[in-house]
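The structure under discussion appears below in the form of structure tokens.
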Amino acid sequence: MAATSKPSVAAEPSPQRAAGAPQDVERFSLVTLQMAGWLWLEETPPGDPGDAYWQLANAIGVALAGPECRLQRGRFDWPLHRSAQLDAGAGAASAALQAFLQRRLEQTACAGLVVLGEATRARLTGCDLQDGPRIATVAIAEMLRDPGLKQTAWRDLQVLRGSS
């Protein structure tokens, strides 16, 4: 008697999970901006956030620090690897993010952090950064969806005017 086997159906990976990684690994990305003398952080979907995002970020920097303000982009993507042999859990993610941000703060001599959006604030909860002051405001992506939030951000960011 020949045994019949049912074809296996492979489930597609969730867009929130890293391909090739264990199912409990959360995938996230943070955009880092160095401008106006501060390190700016925003959790974004993987990939480039688009021209409108960069234009608004640059406009914020120019409004705060003048036309000579230069925007330096960076990115942190988790997981850093696709190996099931290496830890990609929440603790490893927090430790890697903390090390990445601490290194950026030290290398760039930024005055402090500008934390953009609730998702970014939540992501930084487990990080013990030895940094200067922190300023929290709405995310750039939120301002693009709701231009009325620009007033909130402007009010929150006034302390940065001329600080670069």
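The values are calculated or read from the model by the stated rules, or taken from the named source; none is laboratory data. Just so we're clear, the structure is a prediction, and the values are computed from it rather than from any experiment. Neighbour counts run over all protein chains shown; Cβ positions are idealised from the backbone, glycine included. The accessibility values were calculated without ligands, DNA or RNA, using every heavy atom of the protein model including side chains. Shrake-Rupley method; radii C 1.70, N 1.55, O 1.52, S 1.80 Å.
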Across (1) assigned to a helix (DSSP H, G or I); (2) within 17 Å of the chain's Cα centre (by Cα); (3) aliphatic (A, V, I, L, M), Leu157 clears everything bar (2)
Would you confirm, using the coordinates I've provided, whether Phe76 is aromatic (Phe, Trp, Tyr) and without any contact (Cβ under 8 Å) to a residue 40 or more places away in the chain?
no
Provide a single number: the residues in segment 120-142 that are open to solvent by less than 60 Å² (accessible area, probe 1.4 Å), of a type in the set (D, E, K, R) and in a loop (DSSP other than H, G, I, E, B).
1
Evaluate the following for Cys110: is it surrounded by 12 or more Cβ atoms within 10 Å (Cβ to Cβ), assigned to a loop (DSSP other than H, G, I, E, B) and touching an Asp or Glu at 6+ places or on another chain (Cβ under 9 Å)?
yes
Note down all Cβ pairs under 6 Å where the first residue falls in segment 43-60 and is under 17 Å from Ala119 (Cβ atoms), the second is among the aliphatic types (A, V, I, L, M) and in a strand (DSSP E or B), and they're at least six residues apart or on different chains.
Glu43/Leu30; Thr44/Val31; Ala57/Leu33
